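Each remark here refers to the structure printed beneath this line.
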Amino acid sequence: MTIAGDTDRWMLMGRQSADGYPLVVRARVKNDFIVDFEKSNAVSAVICDLKPTLIQENRLPTPTGLSNLHDLEDKAIVALSSLQSHCFHTASVTGDGRRVLYFAHAKGDEVAALISGIGSEIADVEVTSDFELTTYREFITPTPLDIQLDGDQQVIGALEENGNQADVPRKVDFWFYGEPLKLQLLAAKLEKLGFEVDHWLNNPGGVVLSRTMGTEISTFHELTPQLLELAEESGVEYDGWETFAATPGNASPHREPPAKPRSFLNKLFGAKKN
């Protein structure tokens, strides 16, 4: 583990500000050591308020502002790396005209004094620990939807590496697990959204539902919440999707993928099915 988190898993998540503007959260996830460390030590927020000329109408930074904020974040990480005790960069939240950097550190560390040396012409910087740890932790902890959308993006990224044309409709398979009657109920609900049963699974019991569609991330931002909601409503588990890369020489919307096992996506382009 490093203060910058180079050896840890990070996730991007979408949130909204109190005024309804978009927020982008980059958070360190699945690190129990840091979560326990926060509870018995301290967390400080480094608030970087951008100059008005570097803020867009949606309250997110301009491209120039974002680039400058990345530099500012790097400087903050370098400054706090000088601490003798543990210090971890746990999250960055961008939006509402600012970027907030969260650091977990030992009680008594002079974070504000170290950060004061990274003054910038692009943002006003201040440090605070005046927030509820529970609220902060809930805010940066991924929800089931966050985790699924992150998985969607990873699969789409792997498809893109193999020349995928995202707007080309093709057969996409979606995997669900549970009791047969509950799965039948789910299949009936999803039929209204253009899904049909591809095949049933045994050991464990499940069903693969297919739909002809493109693979743009915007499509999954709309579809994934519905799938999770309907799966929970039906009492079954949604386990992600897989498809093939639609390229100029391989773009038939009805082309069947090779026979399972479920490692098909791995064999095709080295990415796990989401």
* **the chain, helix-only ellipticity at 222 nm - DSSP H runs n ≥ 4, -39,500 (n - 2.57), divided by all residues, nearest 500** => -10500 deg cm²/dmol
* Pairs of alpha carbons in region 134-182 whose separation is greater than 12 Å (percent) -> 77
* **In order through region 57-74: 3J(HN,Hα) via Karplus (6.51 cos²θ - 1.76 cosθ + 1.60), integer Hz, x for Gly, Pro** => 5, 7, 6, 8, x, 5, x, 5, x, 5, 4, 5, 5, 4, 5, 5, 4, 4
* **Average projection area in nm² (convex hull over Cα atoms of region 99-189, one quarter of hull surface)** => 12.3
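Using a 1.4 angstrom probe, figure out how much accessible area region 100-150 has per residue, in square angstrom, rounded to the nearest whole. Intermediate values should be presented prior to the final figure.
Values: 2810 Å² over 51 residues.
With all protein chains present, region 100-150 gives 55 Å² per residue.
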* May I ask you to compute the full-extension gain from residue 132 to residue 202, defined as 0.36 nm times their residue separation minus their alpha-carbon distance, rounded to one decimal in nm? => 20.5 nm
* Using θ = phi - 60° and Karplus 6.51 cos²θ - 1.76 cosθ + 1.60, couplings along region 172-182 (whole Hz; Gly, Pro as x) -> 10, 9, 10, 10, 9, 10, x, 6, x, 5, 5
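Pairs 39/182; 51/107; 30/182; 51/75; 30/107: which exceed 29 Å Cα-Cα?
Values: 39/182 41 Å; 51/107 32 Å; 30/182 31 Å; 51/75 18 Å; 30/107 23 Å.
Pairs exceeding 29 Å: 39/182; 51/107; 30/182.
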* Asked: Along region 204-210, what does the Karplus equation 6.51 cos²θ - 1.76 cosθ + 1.60 (θ = phi - 60°) give for ³J(HN,Hα), rounded to whole Hz, x for Gly and Pro?
  -> x, x, x, 9, 9, 9, 10
* To do: Would you kindly state the longest site-free stretch of the chain, with sites defined as trypsin sites (Lys or Arg not before Pro) in a DSSP loop (not H, G, I, E, B) surrounded by at most 14 other Cβ atoms within 10 Å?
  => 108-191
* **Accessible area of region 45-90 divided out per residue, in Å², using a probe of 1.4 angstrom** => 51
* Structure fact -> So for R0 = 45 Å, FRET eff. of residue 56-residue 83 from the Cβ-Cβ r, to 0.05, ends up at 0.85
* **Under-5 Å amide H pairs with residue 170, H placed in peptide plane, nonlocal only** => 213, 214
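Scale the Cα Rg of the chain by the rule-of-thumb value 2.2 N^0.38 Å and send over the ratio, two decimals.
Normalised by 2.2 N^0.38 Å, the Cα Rg of the chain equals 1.20.
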* So what is the relative contact order for the chain, in percent, with contacts set as C-alpha pairs under 8 Å and at least six apart? -> 18
* **Point-charge dipole on Cβ atoms (K/R +1, D/E -1) for the chain, about Cα centre, debye to 20** => 720
* Structure fact -> From most to least accessible, 1.4 Å probe, no ligand or DNA/RNA atoms counted, 200, 10 line up as 200, 10
* Asked: Can you pull out the GluC sites (Glu not before Pro) in region 30-125 that DSSP calls coil and that have at most 13 other Cβ atoms within 10 Å?
  -> 57, 110, 121
* **Cα-Cα separations in region 123-240 greater than 20 Å, expressed as whole percent** => 53
* Asked: Alpha carbon centre of region 162-215 versus region 11-77: separation in Å?
  -> 36
* Which value, in debye to the nearest 20, describes the size of the charge dipole of region 119-185 about its Cα centre when Lys and Arg Cβ atoms bear +1, Asp and Glu Cβ atoms bear -1, and nothing else is charged? -> 620
* Structure fact -> Of every hundred units of 1.4 Å-probe accessible area on the chain, the number belonging to carbon and sulfur atoms, as a percent, is 51
* Structure fact -> Rounded to the nearest 0.05, FRET efficiency between residue 232 and residue 188 (Cβ-Cβ, R0 22 Å) equals 0.85
* Answer with one residue from 97, 244, 53: the one whose Cα lies farthest towards the positive end of the charge dipole of the chain, charges on Cβ with Lys, Arg +1 and Asp, Glu -1. => 244
* Using 1/(1 + (r/R0)^6) with R0 = 41 angstrom and r between the beta carbons of residue 110 and residue 17, what's the FRET efficiency to the nearest 0.05? -> 0.85
* residue 198 long-range amide H proximity, modeled H, under 5 Å -> 208, 209, 210
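The values are calculated or read from the model by the stated rules, or taken from the named source; none is laboratory data. These numbers were taken from a predicted model, which means no experiment stands behind them. Every residue, glycine among them, receives a Cβ derived from its backbone with ideal geometry; neighbour counts consider all protein chains shown. Note: areas computed on protein heavy atoms with side chains; ligands, DNA, RNA excluded. Shrake-Rupley method; radii C 1.70, N 1.55, O 1.52, S 1.80 Å.
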